[in-house]
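Engineer: Input: one structure, supplied below.
The values are calculated or read from the model by the stated rules, or taken from the named source; none is laboratory data. Just so it is clear, the model here is predicted, and its values are computed rather than measured. Cβ sites come from the backbone with ideal geometry, for glycine too, and all protein chains shown count toward neighbours. Each accessible area value is taken on the protein alone, full model and side chains, heavy atoms only, with ligands, DNA and RNA left out. Shrake-Rupley method; radii C 1.70, N 1.55, O 1.52, S 1.80 Å.
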Amino acid sequence: MTRTVYVNGDYLPEHEAKVSIFDRAFLMGDGVYEVTSVLGGKLIDFDGHLKRLERSLNELDMPHPAAMGDLLEIHRELVRVNEITDGMVYLQVTRGSDGDRDFVFPNPETTAPTVVLFTQSKPGMAKAPMADKGMSVISVDDLRWGRRDIKTVQLLYPSMCKMMAKKAGADDAWLVQDGFVTEGSSNNAYIVKDGKIITRELSNDILHGITRAAVLRFAAEAQMEVVERNFTIDEAKDADEAFITSASTFVMPVVKVDGETLGDGTPGRVAKRLREIYLDESLKTAI
Ligand code: PMP
């Protein structure tokens, strides 16, 4: 089946979809994005992703696309026509193209944002084998820009981090700045020590994960203790357990940090419980 995608108001077969070579995202990385998971044909945490999209646009003085109010309908239509049961909807909004290359932002009155959405099918996504096995991470220097709270498409360094992890035989990288873990290359990072869930506090240093917000809320509701503070890689190596969160991995246990095995090397109790709660609860509110 040919995938149907959405570009600036049109639903098209993917090979017919086109964006200008002058698009600011192509030339300058001047675009923002969101990834919303689909489970059982329904969108997980859609409102959270929409709110963060609005925030990213506002922080970059990027005009809101005319389709802003139709985004839920567009997501649902793509899920429907592409017959997605489990998977993701990728959404990107860019500052558009004014037909040339210039560092200065184009006039928003005359240059409309570009809006692109497409689906990715991942059957059985909630039952990823890695959730049973746990994942390994390596630490790398966090060399990204200073506004990681804005979800921009400038993903070159995170891609390089994934490649460094792959080369080292690990599953992902945790980024370290001034001796403290900021977050994973495409996820938020947590350790668990003496029953406490520890994760870096929100700031411009990390993406304000939608899954993070939900998981911390569910953890508090389940009377688990959450401490939002910086932690080091040494603390992570010495932790009872660790995990990551993101829209596409939900809660994923980490069992190895820089080659050191945590606990008995299998997913920890807290991570497993939070994954179960997150999947249960977010399915209840899926739309
Ligand atoms: N941090 C980074 C750097 C990310 O790229 C992501 C996923 N896009 C996250 C955290 C997790 O955010 P969310 O839970 O909203 O997917």
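Engineer: For a test of the definition: using alpha carbon positions, the gyration tensor, and the 1.5 limit on a/c, classify the range 57-108 as rounded, prolate or oblate.
Structural biologist: It is prolate, given that a/c is not under 1.5 and a/b is the larger ratio.
Engineer: Ignoring ligands, DNA and RNA, what percent of the 1.4 Å accessible area of the chain is carbon and sulfur?
Structural biologist: Carbon and sulfur atoms account for 51 percent of the accessible area of the chain.
Engineer: Quick one: putting +1 on the C-beta of Lys and Arg, -1 on the C-beta of Asp and Glu, what dipole do you get for the range 4-123 around its Cα centre, in Debye to the nearest 20?
Structural biologist: The calculated dipole for the range 4-123 is roughly 300 debye.
Engineer: So for the range 35-81, what percent of the C-alpha to C-alpha distances run longer than 11 Å?
Structural biologist: Every Cα pair in the range 35-81 considered, those over 11 Å come to 70 percent.
Engineer: In whole percent, what relative contact order does the chain give with Cα contacts below 8 Å and a gap of six or more residues?
Structural biologist: 19 percent
Engineer: May I pose another question? Defining a contact as two alpha carbons under 8 Å apart and six or more residues distant in sequence, what relative contact order in percent does the range 46-199 show?
Structural biologist: It comes to 18 percent, rounded to a whole number.
Engineer: VAL79: net charge of surrounding residues, Cβ under 14 Å, Lys/Arg +1, Asp/Glu -1, itself excluded?
Structural biologist: Around VAL79, the surrounding residues sum to +1.
Engineer: How far apart, in nm, are two points set 7 Å out from the Cα along the Cα-to-Cβ line at TYR90 and at GLU276?
Structural biologist: So the two model labels end up 3.4 nm from each other.
Engineer: Which value, in Å to one decimal place, does the Kirkwood hydrodynamic radius take for the range 130-285 when every pair of different Cα atoms is included?
Structural biologist: For the range 130-285, inverting the mean 1/r across all distinct Cα pairs yields 15.3 Å.
Engineer: Additional query: Quick one: compute the contact order of the range 130-285, relative version, from alpha carbon pairs under 8 angstrom and 6+ residues apart, as a percent.
Structural biologist: Relative contact order for the range 130-285 comes out at 26 percent.
Engineer: When the Kirkwood hydrodynamic radius is evaluated over all pairs of different C-alpha atoms of the range 4-123, what value in angstrom, to one decimal, is obtained?
Structural biologist: 14.7 Å
Engineer: Which pairs in the list LYS18/LYS122; LYS166/LYS196; LYS166/LYS272 are over 27 Å apart, alpha-carbon to alpha-carbon?
Structural biologist: The pairs that break the limit, which is 27 Å between Cα atoms, are LYS166/LYS196.
Engineer: Averaging over every viewing direction, what projected area does the convex hull of the Cα atoms of the chain cover, in nm²?
Structural biologist: 15.0 nm²
Engineer: What number comes out for accessible area per residue over the chain if the probe is 1.4 Å? Units Å², please.
Structural biologist: 48 Å²
Engineer: Any idea of ASP205's accessible area? Nearest 10 Å², probe 1.4 Å.
Structural biologist: About 40 Å², rounded to the nearest 10.
Engineer: Would you mind pulling out the separation of the Cα centroids of the range 252-281 and the range 194-247, in Å?
Structural biologist: Between the Cα centre of the range 252-281 and that of the range 194-247, the gap is 12 Å.
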